[in-house]
Structures are given as C-alpha cells and as structure tokens.
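What follows draws every value from the coordinates through simple rules; no lab data is involved. Not measured: the values here are computed from a predicted model. Here the Cβ positions follow ideal geometry from the backbone for every residue, glycine too, while neighbour counts run over all protein chains shown.
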4 protein chains.
Amino acid sequence: MKELIIEPKEEKDPVSQLRDWVEHYRPFSANGQSANYIPALGKVNDSQLGICILEPDGTMIHAGDWNVPFTLQSISKVISFIAACMSRGIPYVLDRVDVEPTGDAFNSIIRLEINKPGKPFNPMINAGALTIASILPGESAYEKLEFLYSVMETLIGKRPRIHEEVFQSEWETAHRNRALAYYLKETNFLEADVEETLEVYLKQCAMESTTEDIALIGLILAHDGYHPIHRKQVIPKDVAKLAKALMLTCGMYNASGKYAAFVGVPAKSGVSGGIMALVPPSARRDQPFQFGCGIGIYGPAIDEYGNSLTGGMLLKHMAQEWELSIF
Amino acid sequence: MKELIIEPKEEKDPVSQLRDWVEHYRPFSANGQSANYIPALGKVNDSQLGICILEPDGTMIHAGDWNVPFTLQSISKVISFIAACMSRGIPYVLDRVDVEPTGDAFNSIIRLEINKPGKPFNPMINAGALTIASILPGESAYEKLEFLYSVMETLIGKRPRIHEEVFQSEWETAHRNRALAYYLKETNFLEADVEETLEVYLKQCAMESTTEDIALIGLILAHDGYHPIHRKQVIPKDVAKLAKALMLTCGMYNASGKYAAFVGVPAKSGVSGGIMALVPPSARRDQPFQFGCGIGIYGPAIDEYGNSLTGGMLLKHMAQEWELSIF
Amino acid sequence: MKELIIEPKEEKDPVSQLRDWVEHYRPFSANGQSANYIPALGKVNDSQLGICILEPDGTMIHAGDWNVPFTLQSISKVISFIAACMSRGIPYVLDRVDVEPTGDAFNSIIRLEINKPGKPFNPMINAGALTIASILPGESAYEKLEFLYSVMETLIGKRPRIHEEVFQSEWETAHRNRALAYYLKETNFLEADVEETLEVYLKQCAMESTTEDIALIGLILAHDGYHPIHRKQVIPKDVAKLAKALMLTCGMYNASGKYAAFVGVPAKSGVSGGIMALVPPSARRDQPFQFGCGIGIYGPAIDEYGNSLTGGMLLKHMAQEWELSIF
Amino acid sequence: MKELIIEPKEEKDPVSQLRDWVEHYRPFSANGQSANYIPALGKVNDSQLGICILEPDGTMIHAGDWNVPFTLQSISKVISFIAACMSRGIPYVLDRVDVEPTGDAFNSIIRLEINKPGKPFNPMINAGALTIASILPGESAYEKLEFLYSVMETLIGKRPRIHEEVFQSEWETAHRNRALAYYLKETNFLEADVEETLEVYLKQCAMESTTEDIALIGLILAHDGYHPIHRKQVIPKDVAKLAKALMLTCGMYNASGKYAAFVGVPAKSGVSGGIMALVPPSARRDQPFQFGCGIGIYGPAIDEYGNSLTGGMLLKHMAQEWELSIF
C-alpha cells in the first residue's frame, strides 16, 4: 500500500471526515486500474470511490460513489462459505477445505500437486471456493444457486441480481478456473460436475451489490451472525466467527498479512474493487464504532495484489485514525 | 486438534476450572511426544501441563506444572521481532522480511527460490527469524544478544538464562538452519555473518522461561505494549499491534489458520511445548478477562504441527468456554 | 529396474536367445501390474510379453506375445511430434514446446506455473503432447486426426484402428489432462479448442498397434527417416534425429536417465505396456544388428514409473548382452 | 543458440575448416560474457575461442586459442563422478545420487525439499556433485583430492594444477553451495563434513586444464575408457558408458535437451567457458572422425544457460557439417 498522509486530527464528525478522505484518496486511483482481464469489468470509471458504514442501531453513513452497483467477485466466497457451513455443517466443509492461509496467488495450482492429497488450503482461494461451490446443497447449478440466493436474501433482504454480461464474459475465459476445477475433480475434492460447479462459482461472482449491501453483511458478521436491525440470528455464531477469522487471515489475497498487521479488521476484497469489512464491538469507549459496524467500500482501480487501491488506502486510514484494529 | 469434550457449564471460579481442565487434558499427552530431534529437549516428562494467566491488576492464576522452566524456542521469534522493530524501526525491518503467512513448513526453503527476490515471507518462519537475528543492533553475536536480553529484561524484569545444553545440542545439528542462512546470505537478506546469526538465533531459542514470564509478555502485548503493572509503555504501540497480528496469522506453524478460526487469540508456540497467548480487553462485560490478560502454557508433548498438544487443547477449551476470541 | 541375471554367453542365434529371455523375464510381471486407472487397459493378461525386431533387409525376428494388439498410449507422442514437425516445420513447433527433459511426473502441472511463460518443457510429457495435438494441421479434431492417420499410414502401411472402448474410457476420466489443457489454453500455448485437442490427443493414444508396427517405426527412425524396405525417405532426416534425441532424453518417463545410462538406445514407452526402441547402425562389426534395427516390445505389467516392467528388463538384457548402446 | 550460417561445402581439410569456423564464430562472443560472479573468472579476454580434437591414432588438430589454460569448473563433475564410481562401485554411488535429468537450475534446492527423501537427481547439478565429492575415498579433503588428482593423472598424464585465486574467490562466496551442502547434510546424503566437502568440490572446480587435456579425456570416454594412445583400459567400460549417458542427458545445464537434439554428442560444459565433448566410433565411413575423437573447446563468453556461447556455436556447426550426432 502506498504511503498514507495522515491529516491533523480535528474535531470533525465521522461523515465529514469520510467525505474528506474519499476525495483525498480518489486521485490515487491513477496508480491502479480496473481489472481488465474481464472486458465487462474494465469498462467502469476507475476514479470511483465510495463507502458505506452501517451501525447496529441502523445508522448509515456514506460518502462518494457508495451506491454504484458492482459485482461481488471474490467477496462472494465469504457468502458461499457461510452457506456451505450452514447447510452441510462445519466438519463436513472442513473435511474438504482447510482454513490455512497460503502465500500463493489466488489462482495457484501448485500446492494441489505438492501437498498430498491436494486438499485446498482455504475457501478464499479459487481452488477452495470451487470446492465450496460444488458442495452447496442441490442437485444442479440451478438448485445450488437458489440456495445461495436464499442465504443472500436472508442477509440483505433481497434476491441478488446476476450481471449477465460479466458472467458470460468470465464463463468464456475461465480457462484457469476450469484447470483448477478439473484438477480438483481428479483428486475427488469436487462433488459436482466441473461445468455445474463453474456455473455456480461464476454466477456467485457475478452477483451485483452496493456498498450498503456488503456493509450490512459485515454488520451481521460483526455481531456474530445476529442481524441487529431485524433482531434475529441469521448465521450461526460459530460459522460467523469462522468466517471472520478466514477474512482476517486470507481475505485480502497476498496482502492479507499486511492488512492484518496495519489495518487489523476482517476484510474480504474482490477484483471488481469491492471490500467488505467489519469492526466487532470494542472495549474502547472512545472508538466511534464502539458497538461494531459493517463497512462496504467500492473503488474499481485495483493494485498489484488484486485489492481496491484507493479502497484499501481509505480503509487503512480509517482503521488507524479511528483505531479500529481488533488487536 | 482432537475433539474437545466440553463439560457442562457450572458456577466454578476460573482457578478451579483451570485445574479441572489441566487434569482433564493431561493424559492426552500420550498422543504426542516431546521434540526429540534435539536430545536435550526430548528428556522431559511428556505428561507435564501447566498454565499461568496474568491480569492487568497483577492477579495471577495458575494450574498444573506452571513453574517448570523450559526453553522458548520459536516463542523467541516474537521477542526478537519486537527488538528489531524497536531498534531499527518498522520500515527497515519490513524491507527485509514480509508479514505474510505461508502454508509452508517452518523450515521450508522452497519459497526463497520460487518467489523472487527471495524475501522471507514472515518473521515467524525460520528464514524470517534468521534475517531478524542478523539485523539486531550490535557488531557481534554477543552485542546482538546483549540487546535482546536487555529487551527481555525490560519485559520480564530479569535477564534470561541460556540453557547451554540445548544451545549446544541445536548448534551441532543446525544443518537445515545453516542451509537457510547461507541461502539468505547469497540473496543478501542476511546482514551479519552466517555463524554469528546462527549463534544469535539459537541462543535466543535457548532462553529459558516459565509460563509466568511469557504470560507477562502476553499481558504487555494485550495492552499494546503498556506494562500495566509497572505502568509504563515498554513496547511502542504500533510494534505491539504488529506483533499481535503476526502471532494470529503465523504464530502456530501450519495450524495458525485453524487456531485463528477456533481459538481466535494471538498465540505463538515453540517446539519445546510452550505457548504464549494473550486476550485483548473485550467489549463483553461477562467475559472473565474483560480487561485483557496474558497466558503462558507449557506442555512438552507436541502434535504433528509442532504445537503443544495438550497445551493447544487447553487453550482451545478456555477460549471457547470463556469466549475469548477476538472475532 | 530389478537385478538382471545374465546367463553365460553361448553360441545361440538371436531368435533362440530372445525366446529364452522372454520366458525368463515373463514371470517377473507379477511384480508389476497393468494400468488400471483406465478400466479397458486393466483387463489384459498381465503375464504377456512379446518382442519383434526388424532389420533393414526386412528380416523380422520375434518371440512371445509379439502379435497381440495394444493401444499406443504415450508412444503416440513420438508420432504426433513427427507429424507436427513435418507439417509445421521444426521452428514453429519449438516456439511452442521445448525439448528439455524434466524430473517431473508426466502429468505434472507445477512447472507450467513456476517457469514463466509456462512453455511445456518437452513433447513427451502430457502438457507438451497436448500442445502438439493442438497444432496438428486441420480445422477440427477430425482433420487433425486424419492428418495423423495419414502419417501413420506412410510409416506402417495401414490406417490405424482406434480402440473405441479405451478412448471412451479415457475421455470420461481425463480430468487431469483437461486441467493441463485448460491451463495451456489460458497461457496461449494451445492453438485449438480444449475439447478438440483432447479428442485428438486421446484418440492418438487409443491407436492400436502390434510390436511389428512399432518395430517398423523404430527401424525407420534408426535410418534417419529412410524406410529401408520401401526405399524412400518418409520422415525428414532432421525431424527423425530430433525425435530420437527426445526419445533418449525424455522417452521413458522419470526413468529416462536410467534407461539412457543402462540401456542406451532411444526408446519410448506407453502405459499400456508397449516400448518402441531402435538401434542406429553401429561401428562395431560383431554387433548382431550392425545395420540398425527397430524394436517393438509389449508387456502390459508396468512398473512404478509407468514403463513395461518385463519389457524394460528384456530390453536392458538385450542391450547389455548384444552391446546395443549408442554410447 | 543463434542461427548458424552454414558455408557451402568445399573440399577443405578439417584443420582449415576448423580455423575458418573459429574465426567466423569468435566475434559472436560479444553477445555473451565471461562468468563474473567469480571475480577471478571475469578477468579473461572474452573473445578467446579455441578447439582441440584428438583422434585415437594420436593425431591432434587444433585452432584458435586452444592452449590457453582455464579452470574446469563443472567439467570436473564428470571426472569426480568417474572417480567415485571407480572407487566405490556404481551401486554405492547410485544409492546416493540418481541419474535423472531435471529441468531445474544447476544450483536449485527446491527438488531436494519437494521430492522425498531428497536424493540429488544427478551428479551434474551442484547438489549431486557435492554428494559425489563427499563420497570420494579418503578421510580428509586432502586425501579425497589426492585420489581425484591421481585419477586425473591416469587420464591426462599429469597432476592438475589448482588455480588458487579462483579457488579462494569461490570459497569465499560459496553461500549457495554451502546452503545445498548443509541441506544434504541434514538429509544424510553428505558423507563428509560440509566444509571438507566444499573444499574438495571447489578445488576440483579450480583444476586447470587446456583444450588438449579435456580432448584427451573425451577421447578416452569415446573409446569406453580405453586409452587408445597408451593402449590400456583406464576407466571401466560400464563407468565410461554411464558417464557418457549423463553428459548427453544432463551435461549442458538447462540446454542439455537442445544439445542432444541439435548437436547429438555427449558434452559437458563449465562456466569458465570449457566444453568437453566426444564422438564415439561411427558406422559411417565418410565421417571425418570415423574412429571416434575427443573434443576440447574453450570460449569464456557464456550464454544464458552458462554454456560457452561461441564454443557451443562451433560445436553445433561441426556436428552438423560433419554429421557427428550419435543418433
């Protein structure tokens, strides 16, 4: 991450601060660029940057391009993992995917060959996410996706829309994901057909959201699966905790360790420029989000690791300024 | 980790609970064994298990073999990392060692060759710890060690004793560590001589402690470097936070992800059977260690990952029973 | 390879010797077994062992189960490589596949990821053979295969028969080959569609032959592409020499080095138990095959490397007894 | 290798041809450069190019800088391998080092970790050569070297001189070789001490020779260990054949496959710019070296693989013009 120039602390309200920071970091998008390996993703305005923060009492604060829709991409891996744990149970899932971070690229295939028997290391890399997609309940891609959409609906209150152009674009160029899926098929970690699994995986990646939607999911996770606005437990507590730990250790591609070290909140990014983050309730009374919050960020220009460049800068600045780190 | 049988919650005080759990898990040591690649380490009684918990008001609770001395081994990596950051500054250290977890064995050499330019991925694996040892201030092994001992003295109030037999034993069989060090020397990540670096590294591993000592270091880290008993900041806050993040993402060898997921507190283990863990202050009023605590555990029978087998079971049980997870 | 018990040299003619050796080595098939990952391949009688040797004057000597048909499997890699070089020219082929041996398994995918830009190391491993299949001339699998069959017809005088059951069996379980092909598609080394390429590759593997057919191809290669019986050049000399070098350095899976060292003749094996070998004309007047010969061997029980167990023993014995090594 | 411009065949004697070719290729040295990681090696005149060819009747033809002394570097690996086989027997040696080519760099350490139990793949890569150095007979570096020098004396009729400056230079910067040696020590493939082994290995690399010396060793190998001038067997036949096979499959670093394919004679190079090659007796009466020959080449400018750039061009040209390939 680039150097952060921390402005002198003033007595500003969080909303004004957020707006200042968004405009401060927005120009840095010139140092990154939107993912162009998927034509449909590369069409966006790279200088967009927006954020939405949701608090348990329903307060929403936002700034910048907070209500621009974007596809979830890898952020969806958290949701499909939760869906798999909710339907299959954690032990069933962990028999097929480990929860260990790796230092490998998200689409790496090496470790599947080197480490016998080739169990994917975690659900946040593509090999693990494909395995998770294959074990979602249902006898077809359609049924698996319906289940996933129903989990999404429970969380964000609406059925997600699939961005068909992005899906088609990824479907046609998914050679590396097909390579991973066929490899996993051979080693028996994939329970569904390869093409069926790919359809589920690529459609989950193409689910459209806004920063508000992912801030809400973040808020629910911050509260261990309890939906503080609807006042009900929508994700089992142990599943929510597991998801948060995975976000912290593996959520930001090969910069996950650096995010844990210098940002210190569970976060998951996607190549379309989204970041879903969350702050659990804090012991510190002077922290502005003492009762926890969910954070949704969107900034399509991505850095060398695949994370939103300006989104990451903004998140780091907030975390340091407001002392949001869980450590 | 083996299945944990959670006993029904009763109204017991933490000390009684701890004593029950220690005796409950002690017999499981038969499923592991003390590290025998170092003869001096293999001589201990495998069924030992002890724990010490320190609270910021000075309260100490303990159970089992809590005051048996043992060598720190890899737990010392946290301390030398802190010492390097305190003396050289974080940016200098991060230029030489990254903070990303890997899925590789602690003594793996592969990634140094595959990932150019071969910068060690984190200070908790041997390649990173050797690099850290080489940049400690001082012109000789003696001076570097003196600096490290002085940091230890600041933390635990006494100069650590070196277990000479363990040091000699490791020194003579340190082929793999020498291979790593020479590799790092060639790629210019090692600033000191190889033999000097190895002396520093192996003597830091041979520093003797008790669960009380490491519980105290844990307590200081829990309070972001503030020594709550001496009432002074002994480690800079940013260094302490960084160390905690590294413990959580990389501290328990290749089970770090599983510990983050199912225990959820920063912890660092050593092959001699020690675990240094900590609980930051919590938002939850009903948590027994609401103001944070440091935890020292000793159980020399280690599991397949190199972590204390019964110590890990005890820590997991405590974390789940008392809801200590930071997530 | 197992220990060879060399019988005392007697004044026996080669045919009698061959028959003795075939019967001597046949029982060792109990130490291997036919490839069972393809059900259709696993059905054969493992104790079969046969050999056919063809000399440039048309003399054929044979022993054992020399006329049992079997599918070529990896032996076909030599033929498709020759066909690609004949139609595209050697430089075009070498731009897409190198000619370096590796120590990796035939179906390894690691090196494609580690070595940028992921050019397959040689045409005898699956990644290279798939790339070769994709560049055969023709706009469809049908056309590419027709070209390959026409090359076969030029060599052995008849159109090869495809063993449909073997093809279907491999087609349905070709997960690893699909993984390799999709990987190569992503890195732009595959010129045809993945499914088209796989059809070509798996049908070429399913071409049926006898030891006589492959002995004839060996004989032609021994004479640098000149068909000594038909008296015409059927493979360009430079292509034939290249194919022989590849057979020697990469032809016997991960035992290629050992075959070069202890057998010393260009040879290519297939998992169905075939070995195509050849002896170039020799400077030594007392060598029984002074004018060169082609050798076809069939023994379906394979060893740990994927080579015919008894076929390899027989070939080594012959090579040492008759001093056939090219070194 | 760069494009070769083949001149029209004229009725020239081999000596005139050699002289023409040497002068033709000499200027291409500008595209490479002498090894500069060893200061003492980098001091030479890069445009040197010389060759010596020895025939079994004692005829010697030479051209260019044929009598400039240079250190053997990796060419010595052939000699120490032969010495180990002669003293320990082939099975003893093969228990410790395999004879399989790899596609890895000569100083790679990866495969020792990935492939259990980490047996070096062949004696032509550093890991294998260090293992060989450790098993030479003798209780000290001095004794092992004395044995090696005695083998050299048997071959070239004189005790080799050690280039002390080169040895010292390599000794002080041998970090990577020390890393390999300590790794092998840990996995029990190194029989001697690390420092003793390194002294043997680096002194064997620093043995000085001329093209005439290595042409003579090549000639002896061409005749299966028989010294045609002294008329006695100086290397056992099986050891000589094994050495030739290793040279062909592994002798030219990661261009070995390309040399086998386009040059086709056993050859071993060193980073100082030497190439030791040989042509076994040929069946072809019109080949200028029908009764075999030894070839020594020296051209210190090396290419990307570590092979003599102009030396390789010259060897390829000769091999193609005179049809020296063994295939």
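Averaged over all directions, how much area does the convex hull of the C-alpha atoms of segment D:98-173 cover when projected, in nm²? Please report the intermediate quantities before stating the final value.
Working: hull surface 26.4 nm².
The Cα convex hull of segment D:98-173, projected and averaged over all directions, gives 6.6 nm².
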Inter-copy label distances at C:E304 (7 Å, Cα→Cβ; nm, one decimal) = 2.2, 3.6, 4.2
Using θ = phi - 60° and Karplus 6.51 cos²θ - 1.76 cosθ + 1.60, couplings along segment A:290-297 (whole Hz; Gly, Pro as x) | 4, 9, x, 7, x, 10, x, 10
For segment A:47-66 and segment B:195-214, what is the separation of their Cα centres, given in Å?
-> 48
Where does chain A land on the Kirkwood hydrodynamic radius, alpha-carbon pairs, in angstrom?
-> 19.5
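Once a ≥ b ≥ c are taken as the square roots of the eigenvalues of the Cα gyration tensor of segment B:57-114, is the result rounded (a/c under 1.5), prolate (a/b larger than b/c) or oblate (a/b not larger than b/c)? Could you put the intermediate results ahead of the total?
Values: a/c = 3.09, a/b = 1.62, b/c = 1.91.
It comes out oblate by the Cα gyration axes.
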Choose one of C:Q48, C:M86, C:V68: the residue whose Cα lies farthest towards the positive end of the charge dipole of segment C:37-101 (beta-carbon charges +1 Lys, Arg; -1 Asp, Glu; about the Cα centre).
-> C:M86
Which value, in Å³ per residue, describes the convex hull spanned by the Cα atoms of the protein assembly as shown?
-> 180
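Please check chain C for the longest run free of GluC sites (Glu not before Pro) that are loop-located per DSSP (anything but H, G, I, E, B) and have at most 12 other Cβ atoms within 10 Å.
Values: sites that count: C:E3, C:E10, C:E11, C:E139, C:E304.
Answer from the scan: C:140-303.
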When each of A:K116/D:K144; A:K316/B:K119; A:K12/A:K203 is checked by Cα-Cα distance, pairs over 31 Å | A:K116/D:K144; A:K12/A:K203
Using Cα pairs under 8 angstrom and six or more residues apart, how large is the relative contact order of segment A:223-327, in percent?
-> 22
Give me the aspartates and glutamates in straight-line cross-link reach of D:K232: C-alpha distance below 17 Å, same-chain residues under 8 apart excluded.
-> D:E55, D:D57, D:E153, D:D224
Cα pair distances of segment B:239-311 binned at 5 Å [whole percent] = 4, 17, 25, 25, 17, 9, 3, 0
Loop only per DSSP, at most 16 neighbouring Cβ atoms within 10 Å: give me the trypsin sites (Lys or Arg not before Pro) in segment B:141-211, ordered by residue number.
-> B:K158, B:R161
Mean separation of Cα contacts under 8 Å (6+ apart) over length of segment C:1-160, as relative contact order % = 15
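If you place +1 on the Cβ of every Lys and Arg and -1 on the Cβ of every Asp and Glu, how big does the dipole about the Cα centre of the protein assembly as shown come out, in debye to the nearest 20?
Numbers: 120 positive and 160 negative charges, 1 e Å.
In total the dipole reaches around 0 debye.
Give me the mean projected area, in nm² to one decimal, of the convex hull enclosing the Cα positions of segment D:178-327.
Working: hull surface 40.4 nm².
Computing the convex hull of the Cα atoms and averaging its projections yields 10.1 nm².
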Classify segment D:29-82: rounded, prolate or oblate, from the alpha-carbon gyration tensor (a ≥ b ≥ c, eigenvalue square roots; a/c under 1.5 rounded; otherwise prolate if a/b is larger than b/c)?
-> oblate
For all pairs of alpha-carbon atoms in segment B:6-150, what percent lies in each bin of width 5 Å, listed from the first bin to the last filled one?
-> 2, 8, 13, 13, 13, 14, 14, 11, 7, 3, 1, 0
Along segment A:104-118, Karplus-curve 3J(HN,Hα) (6.51, -1.76, 1.60; θ = phi - 60°) to the nearest Hz, with x for Gly and Pro, reads 8, 4, 4, 10, 5, 10, 3, 5, 5, 8, 6, 8, 7, x, x
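Calculate for the protein assembly as shown the 222 nm mean residue ellipticity that helices alone would give, adding -39,500 (n - 2.57) per DSSP H run of length 4 or more and normalising by residue count, nearest 500 deg cm²/dmol. Intermediate results must be reported in sequence, preceding the final value.
Details: 55 runs with 580 residues, N = 1308.
Mean residue ellipticity, 222 nm, calculated: -13000 deg cm²/dmol.
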Options C:Y259, C:I110, C:V99, ranked by Cα towards positive dipole end of chain C, top entry (Cβ charges) = C:V99
Amide H neighbours of A:I302 under 5 Å, counting only residues 5+ apart in sequence or on other chains, H built in-plane at 1.01 Å?
-> A:Q33, A:S34, A:A35, A:L309
With no solvent and one point on each alpha carbon, what is the Debye value of log10 I(q)/I(0) for segment A:132-243 at q = 0.11, 0.13, 0.17, 0.19 Å⁻¹?
-> -0.42, -0.57, -0.91, -1.04
Sparse-neighbour loop sites [trypsin sites (Lys or Arg not before Pro); segment C:216-311; at most 15 other C-beta within 10 Å; DSSP] = C:R231, C:R284, C:R285
Contact order relative to length of chain D, as percent, for alpha carbon pairs under 8 angstrom and 6 or more apart | 26
The Cα radius of gyration of segment D:285-327, divided by 2.2 N^0.38 Å with N its residue count, comes to 1.31
State, to one decimal in nm and shortest first, how far the label point of B:T173 sits from each corresponding label point in the other identical copies (label point: 7 angstrom along Cα-to-Cβ).
-> 3.6, 4.4, 5.4
